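Every number here is computed from the coordinates shown, using simple stated rules; none is lab data. Given the structure is predicted, the values throughout are model-derived calculations rather than measurements. As a convention, Cβ positions derive from the backbone with ideal geometry for all residues, glycine included, and neighbour counts pool all protein chains shown.
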Amino acid sequence: MNPANQETELTELDHIPDGLLEREATALYNDLPGPTLIHLRGRIERPLVVGVLQHGNETTGWEAVRRLLKSHYDTDELPRSLVILVGNPRAAKHRLRRLDDQPDFNRCWPGGKEPDSAYTRLFRRIHDRLLELRPLACVDIHNNTGLNPHYAAVNRIRSDYLRLASLFSTKVTYFTIPMGTLSHSMSEFCPALTLECGQAGEVHGTDHSMAFLEACLHLEEISLQPVDADAVHLFHMVATVNVDPDVLFGFGRVPADVAFREELDLYNFEELPVGTSWGRVNKTETRPLVVTDNEGADVTADFFDFSEGEVRTRREIMPSMLTLDRRVIQQDCLCYLMERIHFEDNEEVTTVDPLPEGIPRSDTFG
Ligand SMILES: [Zn+2]
C-alpha cells in the first residue's frame, strides 16, 4: 500500500510503543503510519482527549505529551485516562503543516466543508470513536508562525468551556470559521479547546501546555459556575483576511505591489484604532486584501481602505494569527479579525451562540 492509502486507515493502540517517547515529531512516522489514537488507562475512566500534530510542523503538542508522560507517569498511575490523537506523522516527518497530496487534517472533521474523501471518512470514524469514550474534554494543541501570545479558542460560549480555557490563558477567542476542526466537531459534546501555543520549538510553549495538560488530568469535573469576567478576555472571530493571490506582496521596504509593515505580526492581539496603517500600496488600483465574514461574504470594504497609497483599517479590530510566512499566507490566510465580546452584554453572546435547552443563560457571565 502506498503511504497515502495507509494513512487513511485508523491505527489504535492501548499502550505507548517502545521508545516512542524518545522520538521527535519527525521520527514518529516509523511507528505511526498515519492518524493514531493511543489509549492510556488512568484512575478515572472518562478520558481527556489530546490532539497533537494535526499540522505536522506544529510540534509543541507532541513535545508536551512526551515530556508529561516521561516526567513521572512512567511509574505513577495517570489520574485520568488519556487518549492521544497523533494527527499527521507523515507531514511531521517533513516538518510541514500538510503534504501536497493531503488535505488540511484540521478541516476534515464532521461539520467541515472538505469534499467527501477517504480522509473525511477517517476523521468521521475517529470522531465517533471519541464520542463513545464520553471524554471529559478535548484539547487540540497547535502552533502558529507569527508573534502571538498563547491563547485558547472555543467554538461555543459556555462557562465550563470558558473555565477550561481560562486555566490556559486569560485570552480566549471564539470562532465558528474555519469549520471541520477537531475542537469544533467535539464542542457539541464536551468542552473542547484549540490551544495556540506560540511558535513551534519554543520551550515555554511546551512548558505551558504540559502544565495545562497535567492540571486537566487532575480535574474531577469542569464546573458550570459562572466564570469571573476578569479571568477571561473573550474575542469573537468575525472575519478572515487573505492576500489577493494575484497581488505581489512583501514585508518592509520591498518593490512589491503591496509592502506590508516589516513587523506586521506585532499587531497580533492588539486592539487597533480606526485608521491604523498595515503598509503601503505601491501599485494604484490594487485591492490587496480580501476579507471574508463567517458566512463567506466579501466584507473587505467594511474593514480596510486602500486609497491614498496605504492599507488602513476602517474599524476598531484586533488581528490574530498575523504571519509573515508566505507559505502559511498562501495555504491558510494572512490573519483573522476579532472583536471583543463584553461579558455584561448578555444579548450579544446569546445571539452569537444560542445555548442549548437546560443551560441557564446567565451561567456564562460572572
Ligand atoms: Zn495548527
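Residues whose amide H falls under 5 Å from that of Ile317, counting only those 5 or more places apart or on a different chain, are Leu272, with hydrogens built in the peptide plane. Out of all DSSP beta bridges in the chain, what portion is antiparallel? Express it as a percent rounded to 5. Antiparallel: roughly 50 percent of the beta bridges in the chain.
Would you tally the net charge around Asp246, using a Cβ to Cβ cut-off of less than 10 Å, leaving Asp246 out, and scoring K and R as +1, D and E as -1? Its environment carries a net charge of -1.
Over the chain, DSSP H runs of length four or greater, each weighted -39,500 (n - 2.57), average out per residue to a 222 nm ellipticity of -6000 deg cm²/dmol. Highest mean packing comes first when the peptides 233-243, 270-280 are listed by Cβ atoms within 10 Å, giving 233-243, 270-280.
Kirkwood radius and radius of gyration were both taken over the C-alpha atoms of the stretch 154-298, and their ratio Rg/Rh is 1.05. Protection proxy ranking for 167-173, 136-142, 65-71, using the average of other Cβ atoms within 10 Å per residue and placing the highest first: 136-142, 167-173, 65-71. Under a 5 Å amide H cut-off, with hydrogens placed 1.01 Å from N, Gly279 pairs with Arg261, Val311 among residues at least 5 apart or on other chains. Take every DSSP beta bridge whose two residues both sit in the stretch 1-133; close to 35 percent of them are antiparallel. Take each peptide in 259-268, 194-203, count the other Cβ atoms within 10 Å of every residue, and average; sorted highest first, the result is 194-203, 259-268. Principal-axis analysis of the Cα atoms of the chain puts helix 118-132 at an angle of about 60° to the longest axis. The amide H of Leu48, built 1.01 Å from its N in the peptide plane, has Ser81, Leu82, Val83, Leu136 as neighbours under 5 Å, considering only residues 5 or more places off or on other chains.
Rg and Dmax of the chain, both derived from C-alpha coordinates alone, stand at 20.7, 66 Å.
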